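Working notes for the structure below.
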Amino acid sequence: MPIPDFQSIMLPLLVFAGDGKEHSLRETIESLAKQFALTEEERAELLPSGNQAIFDNRVGWARTYMKKAGLLDSTRRGHFAITERGREILRSKPQKINVKFLQQFTEFVEFHRSVKDNKAVESDDQETNDTRTPEELMESAYQRVREGLAAELLQTIKDNSPSFFERLVIDLLVRMGYGGTRKDAGQAIGKSGDGGIDGIIKEDRLGLDIVYVQAKRWDDVVGRPEIQKFAGALQGQRAKKGVFLTTSSFSRDALEYVLRIESKIVLIDGEMLAQLMIDYNIGVATVASYDVKRIDSDYFAEE
């Protein structure tokens with residue numbers, strides 16, 4: 001089954017805590033994962049940032065929402081228990097517990113108003129908005145901004161000259177740690193006509209190994225024949241490593257071909273190129289940054 005949204009987790013979580021015992025968040029996550037029959041793959045799915053498992057994040061927020069409504073209470077660091085109000089709710093045998101249900105409690109209304117006031121992470125579809133945790137909404141908004149920026153970057157690259165594209169490739173590879181100094185990289189890249197190889201660049205600053213590079217500012221799909229030519233050029237130089245960059249994309253045959261040959265060839269299409277430029281701050285500038293913080297439990301731990 002798909003990973004349940006955090007509202008769907010609320011009632012099972014309260015039922016789990018209904019035994020009146022103190023529970024840790026970790027044991028709660030493990031128990032609920034079994035209850036929802038999640039697979040190992042579903043358990044391993046991460047938020048876009050890669051910082052936390054989606055299911056763990058949703059259980060944590062389900063707990064937070066019910067704590068704000070007074071149904072659960074923190075007992076000590078990382079542990080919680082059901083409250084008398086929570087027991088009363090269970091005795092009423094609710095069909096479900098969600099944001100709308102929790103709005104009957106004044107404490108929760110105040111909390112939820114503060115969350116909704118952040119218009120930067122709200123979507124037009126309020127129902128969808130309410131099924132995702134605040135962190136998921138924030139990361140979703142960030143991904144939309146990033147995808148739009150990547151598309152704009154790629155179009156800007158295509159609108160510039162081939163020589164500009166060569167300089168861009170140099171800047172990116174040097175920023176990623178290849179090529180030694182920029183001067184070294186500039187001398188190595190852009191030497192077209194060498195058996196189909198556009199350039200040679202050091203794999204590390206010491207030059208312990210060499211990587212052959214080909215970069216094509218194309219609109220058409222790069223097919224297997226082009227990759228075969230590049231692989232042949234590598235063999236002609238007795239080289240085993242190459243990077244093929246393009247502003248377009250690669251055909252399925254090309255992608256499958258590089259998996260079967262002895263030479264190690266990395267294919268970087270336009271989408272990946274734009275994402276790498278964002279990651280390594282090539283051609284982009286930071287407009288604003290936001291630090292997402294959480295409680296430092298160790299600070300509040302008394303000896």
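Here are some notes:
- When peptides 32-38, 214-220 are ranked by their average number of other Cβ atoms within 10 Å per residue, the highest-first order is 214-220, 32-38.
- Distance in nm between pseudo-label sites at SER49 and LYS216 (7 Å out along the Cβ direction from Cα): 3.9 nm
- For segment 142-183, taking the reciprocal of the average inverse distance between every pair of different Cα atoms yields a Kirkwood hydrodynamic radius of 11.6 Å.
- Charged neighbours of TRP218, selected by a Cβ distance under 12 Å, balance to -1 (K, R count +1; D, E count -1).
- Cβ-placed point charges (K, R +1; D, E -1), dipole of the chain about Cα centre in debye, nearest 20: 280 debye
- Full extension of the chain between ARG113 and ARG238 yields a length gain of 38.5 nm, computed as 0.36 nm times the residue separation minus the alpha carbon distance.
- Choice from ALA239, ALA141, ALA69 showing the highest fluctuation, given a GNM over the chain with Cα pairs closer than 10 Å: ALA239
- Whether the chain is rounded, prolate or oblate, judged on the alpha carbon gyration tensor where a/c under 1.5 counts as rounded: prolate
- Taking label positions 7 Å along the Cα-Cβ direction at both MET272 and THR75, the computed distance is 5.0 nm, reported to one decimal.
- With K and R counted +1 and D and E -1, the other residues having a Cβ less than 15 Å from that of GLU42 yield a net charge of -3.
- Long-range tail of P(r) for segment 242-297 (Cα pairs > 20 Å, %): 48 percent
- Shape category assigned to segment 1-80 from the gyration tensor of Cα positions, a/c cut at 1.5: prolate
- Relative contact order %, the chain, counting alpha carbon pairs below 8 Å whose residues are six or more apart: 12 percent
- With each label modelled as a point 7 angstrom along the Cα→C-beta vector, the LYS158-THR64 pair spans 4.0 nm.
- Within the chain, antiparallel bridges make up roughly 55 percent of the DSSP beta bridges whose residues both belong there.
- Evaluated with a Cβ-only charge set (Lys, Arg +1; Asp, Glu -1), segment 205-273 carries a dipole of roughly 360 debye about its Cα centre, given to the nearest 20.
Values in this text are rule-based calculations from the coordinates and carry no lab data. These numbers were taken from a predicted model, which means no experiment stands behind them. We place every Cβ from the backbone using ideal geometry, glycine too, and count neighbours over all the protein chains shown.
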